[in-house]
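Colleague: Just dropping this structure here.
The values are calculated or read from the model by the stated rules, or taken from the named source; none is laboratory data. This one's a predicted model, so the numbers in the text were calculated from it and none came from an experiment. With ideal geometry, Cβ positions are generated from the backbone for all residues, glycine too; neighbour counts draw on all protein chains shown.
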Amino acid sequence: MKRHGGGRLRLACGAAGLALVLVLVSVLSNPVWTANDDRGLVGTSGSTKTVCVGRFLIDLPVQAEVRFGLGGVGGLDLSTTRHESDAEFTDRLQTAKRNIAEALNEDSQASLELVKEIKGEGSKGQLFVHNRRRSNLRRGDHVLPVENVGVYGLLRFSGLSITANADWLDPDYVDDVAHILGRIRPLLPSEIPEEPGFCLADALVRDPYEHRKSESIVMFAGLPGHPDVNIVLDSMSGTSPAPGLLQRNSAAAARESIFVQMAFTNLREKARVINGLHGEELVTRIREPNLTTGYSFQWEARGEQGDVFAPLVTLEIESGTPSSAGGKPVQSTLSEKAMLELWERIASSIRLRPIKIGKTI
């Protein structure tokens, strides 16, 4: 089944008779799912750790395994890795430079136009400007010819590598990109920075820099022993206005058959303010055709377009998800009570990261 408010794909219901049997069986067996022994609570209570995600903080169970997706600032994709030696970084830098230098642009000319040396606080690297292209931009009744370039940058700190990439960039923005790379500093393990800026995995882009009102980052987390439980926090500024979580859920539910609707039970569906952040909350129990039960928890704050301090923020926690893409849903390894407790502990911790005045460098 497809969750109405979010993006997880579930198995499609089969015949109507199967769906009806599913609902009847799941209703009768409901005490089994919700009255499971409290071993499901293991891993959801106890100490926590704080993680910096973009301009926000979130508290997770201390044993949670955390990873980040690509970060984005001002149209530039940024990724980090600690799994690279100095020699491996140098080889990757030279390979990238050679490949770009050997490529041709759309005019069959050398693609590489410029190599900029990047030096920051304890870092060094290079930024390659390449692949100039022309296109047309429509503005109302007018068509404007524009040129774009690609940029690819590699930056090395002690024990940390930064990769930057943008395929379509205004050539006048190249100096701003170089400035962004010079504003990055590494973060120590578990460090919560005090100066203003945008947190990536293991690094901080320090204010001020030209973000063009566009920043994005996504954090993924899982719990050892509970492979079906997924935690995702997503922050994205610069998005266009769109219907909110509850409106999208209502519209999607109205399109489903009565049998599919009966498989979804909304435990919560309301506006919710978390630490001054105005959002909407949707909590759903899902009965699957294979007689398993899963849970979907969502909270979404729509923010203000163009304000990097008020981005679109979404938190999702799901259980019963298959371990591989295309797999069948599984029974939630956490009871309903445990999932609700986990949700409350994590959701209520989301807050804008406090900064110390005078920390800007």
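Colleague: Determine whether segment 175-195 contains at least one residue that is hydroxyl-bearing (S, T, Y), closer than 14 Å to L57 by Cα, modelled with pLDDT under 95 and under 22 Å from the mean Cα position of the chain (by Cα).
Modeller: There is at least one residue in segment 175-195 that is hydroxyl-bearing (S, T, Y), closer than 14 Å to L57 by Cα, modelled with pLDDT under 95 and under 22 Å from the mean Cα position of the chain (by Cα).
Colleague: Can you tell me which condition S158 does not meet? The list is (1) touching a Leu at 6+ places or on another chain (Cβ under 7 Å); (2) surrounded by fewer than 19 Cβ atoms within 10 Å (Cβ to Cβ), and all the others hold.
Modeller: Condition not satisfied by S158: (1).
Colleague: Being over 21 Å from A203 (Cα atoms), part of a loop (DSSP other than H, G, I, E, B) and out of contact with any helix residue (DSSP H, G or I) (no Cβ under 7 Å at 6 or more places or on another chain), is that true of even one residue in segment 159-171?
Modeller: yes
Colleague: Working carefully through the options P186, P196, P145, find the one that is within 22 Å of G306 (Cα to Cα) and either touching a Leu at 6+ places or on another chain (Cβ under 9 Å) or not polar (S, T, N, Q) (or both).
Modeller: Just one listed residue meets the conditions, P196.
Colleague: Looking at the structure I just gave you, is W343 in contact (Cβ under 8 Å) with a residue 60 or more places away in the chain and of a type in the set (F, W, Y)?
Modeller: In short, yes.
Colleague: Can you tell me how many residues in segment 202-225 are buried (at least 19 other Cβ atoms within 10 Å of the Cβ) and within 21 Å of F68 (Cα to Cα)?
Modeller: 12
Colleague: Looking only at residues that are of a type in the set (V, I, T) and within 15 Å of L114 (Cα to Cα) in segment 161-187, which one is surrounded by the fewest Cβ atoms within 10 Å (Cβ to Cβ)?
Modeller: V174
Colleague: Still on this structure, please answer the following. Identify, from the list K97, K116, the residue that is modelled with pLDDT of 95 or more and part of a helix (DSSP H, G or I).
Modeller: Exactly one of K97, K116 is modelled with pLDDT of 95 or more and part of a helix (DSSP H, G or I), namely K97.
Colleague: Report the residue count in segment 49-73 for those that are closer than 20 Å to P186 by Cβ and outside any strand (DSSP E or B).
Modeller: Total meeting the criteria: 3.
Colleague: Criterion first (surrounded by fewer than 19 Cβ atoms within 10 Å (Cβ to Cβ), touching a Gly at 6+ places or on another chain (Cβ under 9 Å) and of a type in the set (K, R)) does R268 satisfy it?
Modeller: Spelling it out, it is not the case that R268 is surrounded by fewer than 19 Cβ atoms within 10 Å (Cβ to Cβ), touching a Gly at 6+ places or on another chain (Cβ under 9 Å) and of a type in the set (K, R).
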